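Single-structure report; data block below.
The values are calculated or read from the model by the stated rules, or taken from the named source; none is laboratory data. Just so we're clear, the structure is a prediction, and the values are computed from it rather than from any experiment. Cβ placement follows ideal geometry from the backbone for every residue including glycine, while neighbour counts extend to all protein chains displayed.
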């Protein structure tokens, strides 16, 4: 179970009492709101109708879609949790660069220009790199020529992350893998896996597909000949 500070534990107990929910249900929602940087949450809590989504100031979705009372409960609870996270140290401080911390990505990457969470996976976007964290495992990808503009919303049981770039939507699994890292196991033994890995053979096909998309952009007049040749050289160097 996720550890809380004494203040965090007190707030969760208070909210559980006021909303007539179990401690574990409120803790689950706290973690979901925290993973969404305090502004959104994706959750799967049986006491709150199963799977659902919350966005601060936006739409709240619950499994029982016509249960407006439940939607109001989720919205109010998530807003209180968001405020609690903004004004209190709810979780113990974990060193930067450690999975599970607020700065869970490798410290040498610096600060991301975008970060968030979706489907219980946290992500951070850097120049030429995309970092994800799920269940304590941090994975680093090479973003190739993608200029990532946002994360695509996923529905249903699809747990893969999908992003949008100048080439449209793409799945994170299509990117070349750079590294894996893993947190400590339950018996406190460390199993580092942070080793560079070469891209699989399929990566070459991904690059070929990108080249094809570049050609279509040039033909459509979106790219000039010089821009096309420059991007082509960058991609060919990765094969």
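Name every residue in the range 19-38 that is outside any loop (DSSP other than H, G, I, E, B) and crowded, with 16+ Cβ neighbours inside 10 Å, in order of residue number.
19, 25, 26, 27, 28, 29, 30, 31, 32, 33, 34, 35
I'd like to know if the range 213-221 contains one or more residues that are modelled with pLDDT of 60 or more, touching a strand residue (DSSP E or B) at 6+ places or on another chain (Cβ under 6 Å) and not in a strand (DSSP E or B).
no
Considering only the range 117-149, state which residues are within 13 Å of the chain's Cα centre (by Cα) and on the phi > 0 side of the Ramachandran plot.
Selection gives 119, 120, 135, 136.
Of these, 84, 41, 16, which one is farther than 17 Å from residue 116 by Cβ and buried (at least 20 other Cβ atoms within 10 Å of the Cβ)?
84
For the range 13-31, which residues satisfy the criterion of being touching a helix residue (DSSP H, G or I) at 6+ places or on another chain (Cβ under 8 Å) and free of Cβ contacts under 8 Å to residues at least 60 places away in the same chain?
From the range 13-31, those touching a helix residue (DSSP H, G or I) at 6+ places or on another chain (Cβ under 8 Å) are 13, 15-16, 19, 21-23, 25-27, 29-30; that's our starting set.
Selection gives 13, 16, 19, 21, 22, 23, 25, 26, 27, 29.
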